[in-house]
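The values are calculated or read from the model by the stated rules, or taken from the named source; none is laboratory data. Keep in mind the model is a prediction, meaning the values are calculated, not measured. For neighbour counting, all protein chains shown are included, and Cβ atoms are generated from backbone atoms with ideal geometry for every residue, glycine included. In case anyone asks, the SASA skips ligands and DNA or RNA and just uses the protein heavy atoms, side chains included. Shrake-Rupley method; radii C 1.70, N 1.55, O 1.52, S 1.80 Å.
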Amino acid sequence: MTGVQFSKYSLMRDFTLQSYRSLILAFQQSGYRFQAFEEMMTAPAEGKSVVMRHDVDELAWNALKMAQLEKSLGVRATYFFRIVKQSNVPEVIKQIVELGHEVGYHYEDLALAEGDEDKAIKSFEEHLAYFRQFYPVKSVCMHGSSTSQYDNRLLWKERRLSDYGLVGEPYLSVDFGKVYYLTDTGYAWDGGKYATRDVVASPFELRFHATAQIVDCIEHGAFPKKALILAHTLWTDNRLQWYWLHLREFLRNNVKLMAKNSPAVARFYKMLVELYWKK
Ligand SMILES: [Zn+2]
């Protein structure tokens, strides 16, 4: 979809809890069922269905707000937590489990172990056991680790998910030829050009920028029947946080684009990221 869409939502600030709510309601009013990722793997819904996947890269308390909103609308979603302190907040994980959502592990062990596979699988097992204290984790999902040379998925080159009691990994277990994939990476639904590894090949022709365009598409019955939607935790009704995050994402998107052509910018960006995530 191109061009400016005028709808009842177009004057709203996007990527707020209010716009997130409008998205969920549009799906529900058009007969979509929400499933957690583990359910999609073990008992996929017939007919129209959506999986709401949240990668909790940071701002864990925002995840809780999204989880509460979903609960109030009768939606079960999936939250993937990282082991880093910005994501791994036990109080938040516990409350999200209590709200009835699925919790999974957002792994980055190969990048953390600088490519050492033995070390990575050992830490993967430890971290999985850690998250299983809160929830019987059956799903894992790689973190993109955009500044690392290591692709975390390579952990599965010679291993099976089932050996770890797992039923699915979105990047390995989903046929994106049949399931439409949407991601809010970089604070836009068409920010794919900023993503490093978080990309999938898709035959679907739809393109969206703003949430209101997705809502319009659903309301017109033109949205695919099956979808997996990745929404990070940057959705907020707090104005100050919203402006700050938009500025940060704007700068980050541009630095990431420049880094693709300039090793010096890439090194600088990697340094900033390492400083930010330092434990
Ligand atoms: Zn991530």
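Details
- Of the Cα atoms belonging to segment 72-121, the radius of gyration and Dmax stand at 13.8, 44 Å.
- Semi-axis lengths, Å, the chain, gyration tensor of Cα atoms, sqrt of 5 times eigenvalues: 28, 23, 19
- Two-site FRET efficiency, L275 against K122, from Cβ-Cβ distance with R₀ of 25 Å, rounded to 0.05: 0.40
- Contact order normalised by residue count of segment 128-279, Cα under 8 Å, 6+ apart, percent: 20 percent
- Ordering P44, I96, Q68 by the projection of their Cα atoms onto the charge dipole of segment 1-140, which places +1 on the Cβ of Lys and Arg and -1 on the Cβ of Asp and Glu, puts Q68 at the extreme positive end.
- Solvent-accessible area per residue, Å², over the chain with all protein chains present [probe radius 1.4 Å]: 48 Å²
- Relative contact order %, segment 92-185, counting alpha carbon pairs below 8 Å whose residues are six or more apart: 29 percent
- Reachable lysines from K85, criterion Cα separation under 16 angstrom, eight or more residues apart if same chain: K94, K278, K279
- Counting only Cβ charges, +1 for Lys and Arg and -1 for Asp and Glu, the dipole size of segment 149-267 around its Cα centre is about 440 debye.
- The chain - charge dipole about Cα centre, Lys and Arg +1 at Cβ, Asp and Glu -1, debye rounded to 20: 520 debye
- For the chain, averaging the sequence separation of C-alpha pairs within contact (under 8 Å, six or more residues apart) and dividing by the residue count gives a relative contact order of 23 percent.
- At least 20 Å along the helix axis (C-alpha) and Kyte average at least -0.5, DSSP helices within the chain: 239-259, 263-277
- Share of carbon and sulfur in the accessible heavy-atom surface of segment 57-191 [1.4 Å probe, %]: 49 percent
- Whole-Å semi-axes of the ellipsoid equivalent to segment 142-202 (Cα gyration tensor, √5λ, descending): 23, 16, 9
- Pair-distance distribution P(r) for segment 61-173, from all Cα-Cα distances in 5 Å bins starting at 0: 2, 12, 23, 23, 19, 12, 6, 2, 0 percent.
- Relative packing of peptides 49-62, 197-210 - highest average C-beta neighbours within 10 Å first: 49-62, 197-210
- Of the residues T78, L112, L154, the one whose Cα sits farthest towards the positive end of the charge dipole of segment 77-194 is T78 (charges of +1 on Lys and Arg Cβ, -1 on Asp and Glu Cβ, taken about the Cα centre).
- Value of Rg/Rh across segment 170-279 [Cα atoms, Kirkwood radius]: 1.01
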